[in-house]
Ligand SMILES: NC(=O)c1ccc[n+]([C@@H]2O[C@H](COP(=O)([O-])OP(=O)(O)OC[C@H]3O[C@@H](n4cnc5c(N)ncnc54)[C@H](OP(=O)(O)O)[C@@H]3O)[C@@H](O)[C@H]2O)c1
């Protein structure tokens, strides 16, 4: 089987690349990379394998230079003769930014880029499967505090917290416009954070949010809202197993489900046990986030409720000195708090029915393996580019 993979240098794509390369059914993996030269591309791929000392086989892993933004991307893929033997496309590349300043780039990568790949894919002579890495959060923000099922999305009436989830929802619709249903496989992961193994996680992205929450200790979010979080190794294994399984569906949640979900409260207990010299966690109403932002701008009214947490305000002053740092942290954290408040649990019974993988270990347990890494994370650096 020959695979064409996008996003191989990312959190999920990197893990997919390594996992796929270990399968005996896989002959070649062509990886789309936005590098300037083939040498650079090979070095980036080698880095993906070096992270956990996996074996990098240059005969098996082949870089294909290209950018989802290239106007000529479809034409260059079509004219690349070695790609005519591709049987499976795994599209994991995306712009995953939650920040409004990136909305245009998000749309250009996740809708424009996907369209270019599809225009090439639909004429591929041997294409069996187009595996799209979607996201479970396309259900939108109107769904709250309940279990969400695959067939509730894509829903054009859903309202979205960020452009990213909207573009991922549109992406699923686009695939259906270009390819017949039997060639489509959509894997919708929930929130992917860290790794369940005692290894350096492939990317600090969502761990950054946890590390920031750990530093702040006074958090405006519902601590009992369910959080559907899985580690990247579980996500990649589940997706790869699904690719080779006898499937009964075209869309699957890759998620913790009811059994494996966690809460901010449970995560805070794991963090407290490791970082035992910090103030206790205190979760306050989400509506107080605005007061936090006002306080950080020295504009908080004297009779505000936030002053009843004065010991935390003193702790913040002492820890961060400069209030602008706190403003940066909270503006990066803001969309994460919004998602945390939604209480989504993504039903995983389809996955468990078709793949013998079992439930993911809950995040408050597996995350113990990443504590040293969390300790070292530079949260201010991460806030600037979360
Ligand atoms: N992480 C999660 O929690 C999560 C949850 C649910 C679903 N997902 C989905 O999983 C997929 C992968 O996400 P991720 O977390 O791995 O993201 P990521 O770490 O940000 O990686 C994104 C990948 O896409 C590539 N890419 C971005 N823009 C590109 C462009 N213009 N041209 C070519 N390649 C481009 C990046 O290449 P460079 O290295 O060159 O930047 C990188 O390899 C996405 O489709 C996302 O929607 C992720």
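For region 44-62, give me the residue count where each residue is crowded, with 22+ Cβ neighbours inside 10 Å and in contact with a helix residue (DSSP H, G or I) (Cβ under 7 Å, 6 or more places away or on another chain).
So in region 44-62, the residues crowded, with 22+ Cβ neighbours inside 10 Å come out as 45, 48, 61.
Now narrow it down to the ones that are in contact with a helix residue (DSSP H, G or I) (Cβ under 7 Å, 6 or more places away or on another chain): 48, 61.
Number of matching residues: 2.
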**OP:** Kindly establish whether residue 221 is at pLDDT 95 or above, within 15 Å of residue 190 (Cα to Cα) and touching a strand residue (DSSP E or B) at 6+ places or on another chain (Cβ under 8 Å).
**Re:** no
**OP:** Could you identify the single residue in 300, 306, 242 that is farther than 20 Å from residue 364 by Cα and within 16 Å of the ligand (Cβ to nearest atom)?
**Re:** 242
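So, restricting to strands (runs of 3 or more DSSP E) that lie completely within region 69-184, which ones have at least 2 residues that are under 20 Å from the mean Cα position of the chain (by Cα), surrounded by 14 or more Cβ atoms within 10 Å (Cβ to Cβ) and within 12 Å of the ligand (Cβ to nearest atom)?
On the way: elements: 88-91, 129-133, 146-148.
Passing ranges, in order: 88-91, 129-133.
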Original post:
Filtering region 191-225 down to residues that are near the ligand (Cβ under 10 Å from one of its atoms) and part of a strand (DSSP E or B), which residue is surrounded by the most Cβ atoms within 10 Å (Cβ to Cβ)?
Top reply: 192
**OP:** Kindly provide the set of residues from region 1-19 that are within 20 Å of residue 117 (Cα to Cα) and not in a loop (DSSP other than H, G, I, E, B), ordered by number.
**Re:** 2, 3, 4, 5, 6, 12, 13, 14, 16, 17
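Being out of contact with any strand residue (DSSP E or B) (no Cβ under 9 Å at 6 or more places or on another chain), closer than 19 Å to residue 131 by Cα and buried (at least 16 other Cβ atoms within 10 Å of the Cβ) is true for just one of 14, 7. Which residue is that?
Working: 7 fails: out of contact with any strand residue (DSSP E or B) (no Cβ under 9 Å at 6 or more places or on another chain).
One residue alone meets the criteria, 14.
Among the candidates 308, 349, 331, single out the residue that is out of contact with any helix residue (DSSP H, G or I) (no Cβ under 6 Å at 6 or more places or on another chain) and at pLDDT below 95.
On the way: 308 fails: at pLDDT below 95; 349 fails: at pLDDT below 95.
Residue meeting the stated conditions: 331.
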Original post:
Do we have any residue at all in region 29-43 that's out of contact with any helix residue (DSSP H, G or I) (no Cβ under 9 Å at 6 or more places or on another chain), at pLDDT below 95, within 16 Å of the ligand (Cβ to nearest atom) and not in a loop (DSSP other than H, G, I, E, B)?
Top reply: no
Original post:
Any idea which of (1) touching a residue at least 40 places away in the same chain (Cβ under 8 Å); (2) outside any helix (DSSP H, G or I); (3) under 30 Å from residue 315 (Cα atoms) is the one residue 247 doesn't satisfy?
Top reply: (3)
**OP:** Only residues in region 77-97 that are farther than 20 Å from residue 179 by Cα count as the first member; pair them with residues that are surrounded by fewer than 18 Cβ atoms within 10 Å (Cβ to Cβ), Cβ under 6 angstrom, at least 6 apart or cross-chain, and list the lot.
**Re:** 95/105
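Out of curiosity, is residue 25 more than 10 Å from the ligand (Cβ to nearest atom) and in a helix (DSSP H, G or I)? Break it down into steps so the answer makes sense when it comes.
Values: more than 10 Å from the ligand (Cβ to nearest atom): yes; in a helix (DSSP H, G or I): no.
No; evaluated as a whole, the condition is false for this residue.
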Original post:
Given (1) within 13 Å of the ligand (Cβ to nearest atom); (2) in a helix (DSSP H, G or I), where does residue 46 come up short, assuming only one miss?
Top reply: (1)
**OP:** Determine whether region 226-234 contains at least one residue that is crowded, with 23+ Cβ neighbours inside 10 Å, out of contact with any helix residue (DSSP H, G or I) (no Cβ under 6 Å at 6 or more places or on another chain) and under 27 Å from residue 53 (Cβ atoms).
**Re:** yes
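Report yes if residue 152 is free of Cβ contacts under 8 Å to residues at least 40 places away in the same chain and out of contact with any strand residue (DSSP E or B) (no Cβ under 8 Å at 6 or more places or on another chain), otherwise no.
When the stated conditions are applied, residue 152 passes them.
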**OP:** Note down all Cβ pairs under 6 Å where the first residue falls in region 181-193 and is closer than 30 Å to residue 207 by Cβ, the second is away from the ligand (no atom under 14 Å from the Cβ), and they're at least six residues apart or on different chains.
**Re:** 185/129
Subject >> Residue in region 255-271 that is part of a strand (DSSP E or B), touching a helix residue (DSSP H, G or I) at 6+ places or on another chain (Cβ under 7 Å) and at pLDDT 95 or above present >> reply: yes
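The values are calculated or read from the model by the stated rules, or taken from the named source; none is laboratory data. Computed from a prediction, not measured in an experiment: that's the story for all the values here. Here the Cβ is made from the backbone with ideal geometry for all residues, glycine too, and neighbour counts use every protein chain on show.
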